[in-house]
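Heads up: the structure comes next, in structure tokens.
Taken together, the values in this text are just the output of simple stated rules run on the coordinates, not laboratory data. Keep in mind that this is a model prediction, so the values were computed, not measured. Every residue, glycine as well, gets a Cβ built from its backbone with ideal geometry; the counts of neighbours run over all protein chains shown.
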Amino acid sequence: MRRHLTAIACASALALTACSSAADPASAPAPSSAPSPETALPPASPAYDIAVSEPVEDSVYPEVGDPSVDALHYDLDLTWDPEASVLTGEQSLTFRATATAEQFQLDLGAPLEVTEVTLDDEPVDFEHDGKDLVVTAPVTADERYVLGVAYAGTPEAVPAPTMRGDFSDTGFTITETGETWTMQEPYGAYTWYAVNDQPADKALYDFELTVPSPWVGVANGELTDRREDDDLTTTTWHLAEPAAAYLTTVAFGDFEMTEDVSASGVPITYWVHRDAPAHVMRGLRTTPAAIAWLEEKLGPYPFDTFGTVVVDSESGMETQTMVTLGDTDYTTSPAVVLHELAHHWYGDTVTPDDWRDVWMNEGMAMYLQGMWQADQDGRPVGAIMDEWARFEDDERAIAGPPAAYDPQSFGSGNIYYGPALMWHELRQQIGDDEFFRIMRAWPEERTNGSAGRDDYLPWLEEQTGEELSAFFDSWLLGEQTPPRA
């Protein structure tokens, strides 16, 4: 997630390093219609093993998520009727039970009416009270099951626990023209599908999205098929790597697709409203150069594809492989494009297992943004850190320390600037060679996993050979900005 700030001036546009071509949505290439590798496989299939997680009850937002469910694969068939504002969903969830119990539950928005629930193709009893979808059916620890849920209704976004000005709610958002988009950090995916909405539970995804033509549905992963029938457009998407629920995205709208490619060969697509102002594409076209810059620092881009969908919002979100950006000058600027790309190493391929450690994502993405900005400005990164340090104390005073923040101040500047300053201090302490080595090593070693401070901080001490507990405590838990070197 990128904070909507005026304190940081956006740097000049990056030089493009890759070829590109515009494509009308109706003329998009039609990939093979063969089913995705994880679709319709038996629950015990080893193809799902990559998505085995250890779900936890979140320490900051415990009312969301259920650690008794380990989601492995969501197959979401979603149809959007913009005139009626109705979302119709049929989903199949392959999951592992983490405990033996007579019932289990998922999160699902109250406005969505559930018409049927099945477990391994057999109808089962359920209750849908508020956002809790409780399924009454016995499950056994470590056994795998397939849950079917049919539902329909008009989704409603939910209030966000934040003081930010660029968003006040999360989840499925409907615009005045009937188009839709989703951003859901720290939660809110449950506003449009039945989900274990907690970051420690990562799963594979397949989407089939249907909407009246010429509108189109956009989601995470690779576009595997696109067809038109009876004035409806259906797209299918396959996400080959596990993702946390907050990193999923679905948008329905009048989008045109433009193709691009990075210097390293990563396929890129931009999904932009056909009436979007010119500044939107100018900002997005910096993506190949941003990927090249980040790959030099962090190693190869960790996924198969990258895309951006631009929506009617003032915020932005690092939704995995398909970043969701608002359509403002700022949210489509080169600095924000780079920031959200950086999250694909810090936040997406390695995801926090508890919201108390969101600083692990935002601090490193912010520091990388500062490094990039320094490169663009032709000045030392320390000069930018000096600027940020002038107001970092104020951010702590407003929202608390980065790793012990006020739960009602999610996403405030305290989780961005303090940890960014911390990384710069560590870099000065251990030297550039060692710092950049460990910066690359963490996402390489923990690819497609989840972790928290109890994993990360001991790992950093092991890597550096230094005792750093006092250093990290002062930066992450201190009420004031620690003294800087």
Kirkwood Rh in Å, taken over region 156-270 so that all alpha-carbon pairs contribute
15.4 Å
Starting from the 7 Å offset along Cα-to-Cβ, what nm value, one decimal, do you get for the label separation of residue 386 and residue 304?
4.8 nm
Where a ≥ b ≥ c are root eigenvalues of the Cα gyration tensor, a/c under 1.5 meaning rounded, otherwise prolate if a/b exceeds b/c and oblate otherwise, region 233-288 counts as oblate
With eigenvalues of the C-alpha gyration tensor scaled by 5 and rooted, the chain, Å
35, 27, 20
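Highest mean first, what order results for 428-434, 349-355, 253-259, 60-66 on Cβ atoms within 10 Å? Don't skip to the answer; put the middle values down first.
On the way: 428-434: 12.7, 349-355: 24.4, 253-259: 20.3, 60-66: 17.9.
My ranking of the peptides, most packed first, is 349-355, 253-259, 60-66, 428-434.
Among 303-314, 416-427, how do they line up by average Cβ neighbours within 10 Å per residue, starting with the highest? Mind showing how you got there, number by number?
Working: 303-314: 21.8, 416-427: 24.2.
Highest mean packing first, the order is 416-427, 303-314.
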Over all alpha-carbon pairs of region 358-477, lay out the pair-distance distribution in 5 Å bins, whole %, shortest bin first.
2, 11, 20, 25, 21, 14, 7, 1
Go through 385, 323, 188 and say which Cα lies farthest out towards the positive end of the charge dipole of the chain; charges sit on Cβ, +1 for Lys and Arg, -1 for Asp and Glu.
385
Gap separating the Cα centres of region 239-292 and region 126-178, nearest whole Å:
26 Å
Estimated FRET transfer efficiency when R0 is 51 angstrom, pair residue 176-residue 434 (beta carbons, to 0.05):
0.45
Could you give the nm distance between label points at residue 275 and residue 122, where each point is 7 Å from its Cα heading toward the beta carbon?
5.3 nm
From phi via Karplus (6.51, -1.76, 1.60), per-residue ³J(HN,Hα) for region 165-170 in Hz, x at Gly/Pro:
x, 8, 7, 10, 9, 9
Simple spin-label model, 7 Å along Cα-to-Cβ: residue 54 to residue 103 in nm?
2.9 nm
Cβ-Cβ FRET estimate between residue 463 and residue 113, R0 fixed at 35 Å, reported to 0.05:
0.10
Give the order of 213, 333 when sorted by the count of other beta carbons within 10 angstrom, beginning with the fewest.
213, 333
At R0 = 22 Å, FRET efficiency that the Cβ-Cβ distance of residue 213 and residue 156 yields, to 0.05
0.25
Quick one: of the DSSP bridges fully inside the chain, what percent are antiparallel, nearest 5?
80 percent
Gain in length, residue 296 to residue 446, computed as 0.36 nm per residue apart minus the alpha-carbon separation, to one decimal in nm?
52.1 nm
Relative packing of 173-185, 130-142, 112-124, which averages over residues the other C-beta atoms within 10 Å, highest first
173-185, 130-142, 112-124
Sum -39500 (n - 2.57) across every DSSP H segment of at least 4 residues in the chain, then divide by the residue count to get the 222 nm mean residue ellipticity, nearest 500.
-7500 deg cm²/dmol
